[in-house]
Each structure stands twice: as structure tokens, then as C-alpha cells.
Amino acid sequence: PPIALHNSSSWTYTGPFLPPTSLPSSFHTWHSQTISGSLLPTLTPLLHLISSFLSSANLTHYCLTIRAARACDDFNTPRWHVDDQFFNPSSTPTAKGYWKLCATLQGPGTLFLTNGAQARKTLKAVTAAARKAAPRHTCSAVRCVACGLTSEAVRADLAWEMRGAEVRQSSLGEAVFFRIGGREGAVHSEPPICGDRIFVNVVPGTERELRDLMGRWGVGYPRAWSWGVPGAIGVGEEE
């Protein structure tokens, strides 16, 4: 039966592949505060699959995020985008971080535009036009109002431009491996969320790449943390 969520929050781990049957204490703390029921019957086989798949590419480290979202209207308008590259190609010329893996364990799957080349072309054109039309300004806060308005304008314009495009939605439990970055990245969006949704996101990388990434954020490696859990915002632990 479907499990129920107490809140919208996430748990993230960055480090060597986790033993699927022995997860960190921070995961169990997050799980107990967020989920009614058990996620393990569906999460454990997915973790086995992820480790096996990435091991075949000679990878042993990843950044894994489990995101729980309650019903909301945030994505009734699609948020078509490509994910940025996570690693610096100049410092890691053999970077594995041009790919990403995702899966949905409950609720609707991620939406992908099937004609990637045309979607990226439209995305770039709409973004460039919005930036050109936006007033020049200096950001005075982390959450800049002017930048936010431009972002929402891009989102609305893209939803209109892509309204007739062919869309593929990932199936429940299906793992999707796709490119990221502006040149070849898959153009995708979160789906409308009309009920509880649990989504798993994985960024594979080498130990060096992920250590450098955590270092830029000012935290240690390996690392696990949660966001959105009442009373535990930003809690992290060294693993």
C-alpha cells in the first residue's frame, strides 16, 4: 500500500556507495520523522540496482538524494530545464558528472521532452530573450527578486512554447539515466504533484570530484544531511 508523508523534506548522502541493507543513522532519523510506513521494500532493490549499474562504469562514489514531497501546485506549470554540470571539467577532464540517474518510488514520474535537440534550442532562445528584456541590476540578496521574476517569465514562456511537444513520463520504479549540461542535457520537469511523491536522485562521480564539490560547499566528505524536517533543518553528519 502507498506510504504517507508527514512533511516535504529530503535526505542526502555523498560518499562511497551505501550498503543497501545498512543505511546511516541520519537516514533512519529522517525516515521516522517524514514517512509513515516503510520505504525500504522499494528503496533497497533500487540501491542494489544503482550500485550494480554504476559499478559497471568503474564508479564507486555518488551523491544520493531522496526527496519526499506532499501534494502541491508548484509544478502545475512545467519547469522545463536542463541540470547544470556538477563538476568542473577543467579540473577533472575525465569527469563522470555529465550524467544523472533518477527514479520515482511513489507518485508521478519525471517528465522528459523527447526531442532533446529542439527542446534545448527553444530553452536557450527563451532564456536569452528573457535575460535581454530583464532590467540590469545588482543582486542584493541570495534570493534576488529581479532574478526570480526573470526565472518565472522563462518558465511561463517555455510552458507555452513546449505545449504541443511530445513528452515521455518515467514509470513508477523505473530508473532513468540521462545527460546533464547545456550542450546535451535532457530537458525535463517535475510533474504535477497531486499526492505524496518520493523521488530518488543520483549524481555519480569519482571520489575526487565529490570531495571537491563538498569542499566548495564548506562541508566534509563523506557526508549525510537532511532538509525540511521540523527541528532538524540543515542537520548533517560525517559518515
Conditions first: (1) surrounded by 19 or more Cβ atoms within 10 Å (Cβ to Cβ); (2) more than 19 Å from the chain's Cα centre (by Cα). S38 passes all but one, so which condition is the exception? (1)
Of the residues R179, R197, only one is surrounded by 12 or more Cβ atoms within 10 Å (Cβ to Cβ), modelled with pLDDT of 90 or more, among the basic types (K, R) and under 30 Å from S36 (Cα atoms); which? R197
Looking only at segment 104-126, decide whether some residue is in a strand (DSSP E or B) and at pLDDT below 95. no
Go through (1) in contact with a Pro (Cβ under 9 Å, 6 or more places away or on another chain); (2) at pLDDT 65 or above one by one and return the number of the condition A146 breaks. (2)
Inside segment 26-61, the number of residues satisfying the requirement of being part of a helix (DSSP H, G or I) and either within 16 Å of Y13 (Cβ to Cβ) or touching a helix residue (DSSP H, G or I) at 6+ places or on another chain (Cβ under 9 Å) (or both) is 16
Please go through segment 67-83 and pick out each residue that is over 18 Å from L113 (Cβ atoms) and crowded, with 18+ Cβ neighbours inside 10 Å. R67, A68, A69
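The values are calculated or read from the model by the stated rules, or taken from the named source; none is laboratory data. Nothing here was measured: the structure is a model prediction, and the numbers come from that model. Cβ coordinates were reconstructed from backbone atoms using ideal geometry, including for glycine residues, and neighbour counts include every protein chain displayed.
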